[in-house]
Every structure is written in C-alpha cells, then in structure tokens.
Amino acid sequence: MVSNQELSRIASQVRRDIVRMVHAVNSGHPGGSLGCTDFLVSLYFRQMTINPTSWNMNGQGEDLFFLSNGHISPVFYSVLARSGYFDVAELATFRKINTRLQGHPTTHDSLPGVRIASGSLGQGMSVAAGAAQSKKLNNDPKLVFTLHGDGELQEGQIWEAAMYCAHHKIDNIISTVDVNGQQIDGPTEAVMSLGNLRAKFEAFGWKVLETNGHDLEQLNATIDEAKSLTGNGYPIMILMTTSMGKGVDFMEGTHKWHGVAPNDEQLANALGQLEETLGDY
Amino acid sequence: MLEFDLSPANDTRSGFGAGLHELGQKNPKVVALCADLIGSLKMDAFKKDFPERFFQVGIAEANMMGVAAGMTIGGYIPFTGTFANFSTGRVYDQIRQSIAYSDKNVKICASHAGLTLGEDGATHQILEDIGMMSMLPGMTVINPCDYNQTKAATLAIADHHGPVYLRFGRPKVTNFTAVDQNFEIGKAWHIHEGNDVTIIATGHLVWEAVEAARELEAEGISVDLINIHTIKPLDEEAIVRSAMKTGKVITCEEHMINGGLGGLVAQVLAKRAPSLMEFIGVNDSFGESGTPDQLMEKYGLKSKNIIAAAKRLMEN
C-alpha cells in the first residue's frame, strides 16, 4: 500500500502541475483543483483498482471515477497522467488548440481515463448511477466513485439522482462532495445556502460520512469505511471538508481563485511552497 | 399505383413497444428506462418479460438521460421512454453533454410528438424537437410514419452504434408499410416515381402525402413521392435526384418548418439543386387543444393542403 508520506509527495507534485498548467494558458480553475488534490491522489494511488495502461471505456473489473464538477480538470488531468493513463508531457497542452486536455473533460478526443464529459454541472451523479447499475448487471463487484462541488448541489438534477440511487438500492456507489463553502459569486452561505447537507442526504436515503479532505490519515480511513459499507442496500456519501486553494497560502480559503490563473510572480511564489517530488512535466 | 397491403391501423408508439419487446428477446444488452409513462410508451411488455433490464426513473427526465449515458459504460444499450417534449426540450443540456458530446450509445425514444397528441395542448405538443436533435453533432434523428416502420426502426437502431432520437406519436394511423421490412438508417424510401412535382414527407404526414399523390395523379400531375424517415443523416442524393427531375419540391412534416425537414431540405437544394419549394408544417406557432384531426386541419397539415401546394407550384 502506498504510504501517507508517499501520497503527500505525489500531492505536492500534482499541485505544482495544477498551478503551472493554469499559469501557462492564463486560464483554468486552480482553487477547487488544489482543494481536491489530496482526495484524488488518495483515490487513484491507493483506494481504487484501476488499469491505466490498458484503458478501455467499459472498465470491467475496475473501480470507476466520475468527475461531476468538471471545471477542476487540472487536478483530474494531473492525477490521470501521474498514475499512468497518458504521458505527463501532455499536461503542457492543457486548454491549447487541438488538445485532448480540453478546458472541461471530454470523451470526444479519447483521452484515457475520462468516461464522461462534464462541465455543465449536476450531471455526474446520474451517469455514475447508471454505470453502477451496469456493473450490477454485469456481476462486476467493483465500485463507482464520484466527486461533486458543494455549489453544484444547487442543481436540481443532483437531487433527482440522489432519490434514484436510494430507490434502486445502488449500493456500489460512493459519492463525495467537496465542501469548501465557496462558489464563483462568494461563500455558498451567501449565494444559496445549502443547509444541513448530512440531514438532506440522510433524508434521501443515503449513508453519510464526514471527513477532512486534507488529513490523509482521516481521509483514507473514511474512504476505507465507505468501502466497507457498500453492498448494504444504500448509497454512500462522503461530505469532505476542504480548503479551496489548499497548498498555496495566498490562494487558500477564498473563492477569488476559483477561475483565475496566477501571474509569473504569483507562480514563482506558489512553486516555492510546493516541493517538486516527481519531476515537473 | 400507390396501392399498399394495409395492416390494421395502429399507433406508432405501439410499433415502438413491439420492437422493444422483440429486442428484449434478441439482445441481452438492451435495457429500458421510463419516466412514469410505461403505458403511454407501450413499454409494459418489455417490463413484464425483462424486469431485471427495466428501470423506472419516476418523473425525473434529466436524471434518466444521465443514468442512460452511464449504463452504456459496461456495454448496455439503453432505450429511454417519455413524451417527445420531455425527451428533448426539458433535457437538452443533459443530452448535449452526457450523451451526444460524450458519444454514448443511448436511444432516446419519444412518443406523443407534434400536434396529434391532441387535447393536452401546447405544453405537451412539441414542434421543435427535430430541430434541436438535428443540431447535435453525431445524433441520428428518425421519424417513422406508421406502426410497421416504427417497429422496424426500433430494431434497427439497436444495431447502430451511437446516439439516436426516435420520434413517434400517439394516434392510431394507417399502417401501410411492409410488415417485417428491412429498415435502413439514412436511406429514403422512394414510394412513387413521377416527373412533375416532388413530395418529401416524414412521420404522420407520409400517409397524407400518399393520399395527395393519388389525387394529383388522377388529375394528371405526376408525383415523385419520397419518404424521409431518417432526418439525420439526410439522404441528400435521393432529394437532389428528384429535385433535378422536377424542379418543384414540397416538404411535409408535423413539426416546425423552421429547423425541421423543410429547412433541412431547403438547405440541401439551395446548394445542389435550387428548386421552387412549398413547405407543409407548422409556421412559427405553438399548438393548442383539440382532436388530432381538428388540429391537423387547423394547422394545414392535411392532404388537401399538400394538393393545393402542388398546384401552386405547377402554376409557376
């Protein structure tokens, strides 16, 4: 098993990738990407059974991941590349003309590791529910993971999907919400308050776990617990508290870096805070 | 001439239901989803015989499109069922991102399209669905004309890899195409050869066009009659060949002219075979309550309207 120390080293490199990618094209979403780095690194480097080198869409016998909040594509692409789905050098093409690494993830250009387009919010849980039912029909015991933004929960389709998962007893799905309390126009509390998310998902028939999204020990223990609870007739939700912009002090805890790239000076400052552990692309 | 072996009149949605049930037996990868309209979509037989492959989603069409997209991952071929309005306009963005842009092998099966839904009125009578679906890259759009053709189309789309919009309707209509016909996606059916005027029809308007052609022929006007069941990809060659011959073309559809068959055919002909044209369809208007027949009459979608259009063209 990959140790927490190793996960931490990978996360540092992924964070470097994120800020370098968005800086290079002066666009993209660093805040949420940095906030979800520890989670995605944990999923791809410890928690999920994956087969990056013989990628296929159906993913039989593999765990599947669906990114519903597609704007945090920088972290998704970095983690996919660093775990072997494609060459890390391709990260340099992010958001550039003719790239497979579109602003928001797409299957259109057959980028290994991406199973659905996302960007228009609220759709990923429905897709994951279908993929989870497909696994059941195929007698495939592997799991389906999703990630959503907390602001994304303002989309009605999320709650249609939440109702569907519980009604159909889809118990091979583990969804995670990145609770960073921020969205483009400000704090979620000010923009459109989400209320008691635990109570909401419990009322919809989900088993709800909560975790810190940066404490690798606690985060992985929670994912372990979620996995141990699968197969019991209910879907599982992890409410994961994170800090937007985590790892770069001047980006942390604010919505201001939701969709803004650092300039040259800010990039240098950010990279100074993030150790290059695996070699920059 | 223009004679057919008629099967009993039936609704196109029942053709879909029969085709889906047959697919259930033939293809273990076919699954079906329905948004609280099992009876209306004639999905009862599939649900009864293949319960493990049938998924009720409730009144939540956006979720249904996403779930269907997800079920393709793992190799299944989902057929979604609800009214045409809720199959398209209500869920356009879900279809656009999760199905079309994501290249998912989902079959969107839509009943109660157009005015012939009848008394429920304009909220349910979508007349823009062909336009919306045709604009999506990679989407195949099919609007069959009777029970037999709808059943054949349902069977055919299961073997076609890629997203499909299959549009059918509510009322019982004349069932005149061949039983157990081979349905070729994208291939027009040349119903009748003629030289004076071309009539191109889709969906419920095909039978109206047949009746119009009979009368026009009796009056000495020779009709080249074409059934376009696949609106995308459009059989441009069949359309251009006929227009080159007649130079006069009428399109007929139970849909908005703008963005529908009429607009798409005009686009092809403007480039390849400029022709005099008439358009039978709904012209920038919502529908309303009434019986199907009253509505088709009021909105000018009957054979007599096609005949009048042909005569206008012949006077030019």
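Just one of (1) at pLDDT 95 or above; (2) farther than 24 Å from A:S243 by Cβ trips up A:F94, so point out which.
Condition not satisfied by A:F94: (2).
Consider A:Q5 against the criteria (1) part of a loop (DSSP other than H, G, I, E, B); (2) surrounded by fewer than 16 Cβ atoms within 10 Å (Cβ to Cβ); (3) at pLDDT 95 or above: it satisfies all of them except one. Which criterion is unmet?
Only one criterion is unmet by A:Q5, namely (1).
B:T116: of a type in the set (S, T, N, Q) and in contact with a Pro (Cβ under 8 Å, 6 or more places away or on another chain), yes or no?
In short, yes.
Considering only residues of region B:249-285 that are under 12 Å from B:I239 (Cα atoms), of a type outside the set (V, I, T) and in contact (Cβ under 8 Å) with a residue 24 or more places away in the chain, which is surrounded by the most Cβ atoms within 10 Å (Cβ to Cβ)?
B:L261
Can you work out which of the residues in region A:52-70 that are in a loop (DSSP other than H, G, I, E, B) and crowded, with 24+ Cβ neighbours inside 10 Å is nearest to the other protein chains (Cβ to nearest Cβ)?
Across region A:52-70, the extreme among qualifying residues is A:S68.
If we scan region A:78-88, do we find a residue that is small (G, A, S), surrounded by fewer than 24 Cβ atoms within 10 Å (Cβ to Cβ), in a loop (DSSP other than H, G, I, E, B) and without any contact (Cβ under 8 Å) to a residue 40 or more places away in the chain?
Yes, region A:78-88 contains a residue that is small (G, A, S), surrounded by fewer than 24 Cβ atoms within 10 Å (Cβ to Cβ), in a loop (DSSP other than H, G, I, E, B) and without any contact (Cβ under 8 Å) to a residue 40 or more places away in the chain.
Only helices (runs of 4 or more DSSP H) wholly contained in region B:259-316 count here; list those with 1 or more residues that are touching a Pro at 6+ places or on another chain (Cβ under 7 Å).
Filter on region B:259-316 gives B:292-298.
Of the residues that make up region A:109-118, is at least one more than 8 Å from every other protein chain (Cβ to nearest Cβ), closer than 22 Å to A:D178 by Cβ and in a helix (DSSP H, G or I)?
no
Hey, can you tell me all the residues within region A:255-275 that are crowded, with 16+ Cβ neighbours inside 10 Å and not in a helix (DSSP H, G or I)?
A:H258, A:V260, A:A261, A:P262, A:L274
Assess whether A:L121 counts as being hydrophobic (A, V, I, L, M, F, W, C), more than 8 Å from chain B (Cβ to nearest Cβ) and over 19 Å from B:S98 (Cβ atoms).
no
Return yes when A:T49 is surrounded by fewer than 23 Cβ atoms within 10 Å (Cβ to Cβ), among the hydroxyl-bearing types (S, T, Y) and assigned to a helix (DSSP H, G or I) and no when it is not.
Spelling it out, it is not the case that A:T49 is surrounded by fewer than 23 Cβ atoms within 10 Å (Cβ to Cβ), among the hydroxyl-bearing types (S, T, Y) and assigned to a helix (DSSP H, G or I).
Exactly one of these conditions fails for B:I191: (1) surrounded by fewer than 18 Cβ atoms within 10 Å (Cβ to Cβ); (2) among the hydrophobic types (A, V, I, L, M, F, W, C); (3) in contact (Cβ under 8 Å) with a residue 40 or more places away in the chain. Give me its number.
(1)
Six or more apart or on different chains, Cβ atoms under 9 Å: show the pairs whose first residue is in region A:120-135 and without any contact (Cβ under 8 Å) to a residue 12 or more places away in the chain and under 17 Å from B:K29 (Cβ atoms) and whose second is of a type in the set (S, T, N, Q) and part of a loop (DSSP other than H, G, I, E, B).
A:G130/B:T72; A:S134/A:N58; A:S134/B:T72
Considering only region B:35-65, state which residues are facing chain A (nearest Cβ under 10 Å) and surrounded by fewer than 17 Cβ atoms within 10 Å (Cβ to Cβ).
Selection gives B:E52, B:Q56, B:G58, B:I59.
If the Cβ limit is 6 Å and pairs must be 6+ apart or interchain, which residue in region A:219-231 that is at pLDDT 95 or above pairs with which residue that is assigned to a helix (DSSP H, G or I)?
As it stands, the answer is A:L219/A:S42; A:N220/A:S42; A:I223/A:Q47, since those pairs meet every condition given.
When the residues of region B:87-112 are narrowed to those that are more than 9 Å from every other protein chain (Cβ to nearest Cβ) and polar (S, T, N, Q), which ends up farthest from the chain's Cα centre (by Cα)?
Only one residue fits best here, namely B:N105.
Among the residues of region A:124-135 satisfying the criterion of being more than 7 Å from chain B (Cβ to nearest Cβ) and among the small types (G, A, S), which is nearest to B:S102 (Cα to Cα)?
Taking the candidates together, the pick is A:G124.
Going by the structure shown, is A:G84 more than 9 Å from chain B (Cβ to nearest Cβ) and under 15 Å from the mean Cα position of the chain (by Cα)?
Spelling it out, it is not the case that A:G84 is more than 9 Å from chain B (Cβ to nearest Cβ) and under 15 Å from the mean Cα position of the chain (by Cα).
Of all residues being buried (at least 16 other Cβ atoms within 10 Å of the Cβ) and touching a Ser or Thr at 6+ places or on another chain (Cβ under 6 Å) in region B:1-19, which is farthest from A:K135 (Cα to Cα)? Just the residue, please.
The extreme case among them is B:T12.
From (1) over 18 Å from A:T176 (Cβ atoms); (2) within 11 Å of chain B (Cβ to nearest Cβ); (3) in contact (Cβ under 8 Å) with a residue 12 or more places away in the chain, pick out the condition that doesn't hold for A:E155.
Unmet for A:E155, out of (1) over 18 Å from A:T176 (Cβ atoms); (2) within 11 Å of chain B (Cβ to nearest Cβ); (3) in contact (Cβ under 8 Å) with a residue 12 or more places away in the chain: (1).
Being β-branched (V, I, T), under 27 Å from A:S120 (Cβ atoms), surrounded by fewer than 24 Cβ atoms within 10 Å (Cβ to Cβ) and more than 12 Å from chain A (Cβ to nearest Cβ): is that true of B:T123 here?
Yes.
For the structure I just gave you, tell me whether A:D249 is closer than 26 Å to A:F86 by Cα and modelled with pLDDT of 95 or more.
no
Only one residue in B:I77, B:I59, B:I73 is under 24 Å from A:G122 (Cα atoms) and either in contact (Cβ under 8 Å) with a residue 40 or more places away in the chain or aromatic (F, W, Y) (or both). Which one?
B:I77
Taking the options B:A32, B:A84, name whichever one is closer than 30 Å to A:P141 by Cβ and either within 12 Å of another protein chain (Cβ to nearest Cβ) or modelled with pLDDT of 95 or more (or both).
Answer to the selection: B:A32.
The values are calculated or read from the model by the stated rules, or taken from the named source; none is laboratory data. Given the structure is predicted, the values throughout are model-derived calculations rather than measurements. As a convention, Cβ positions derive from the backbone with ideal geometry for all residues, glycine included, and neighbour counts pool all protein chains shown.
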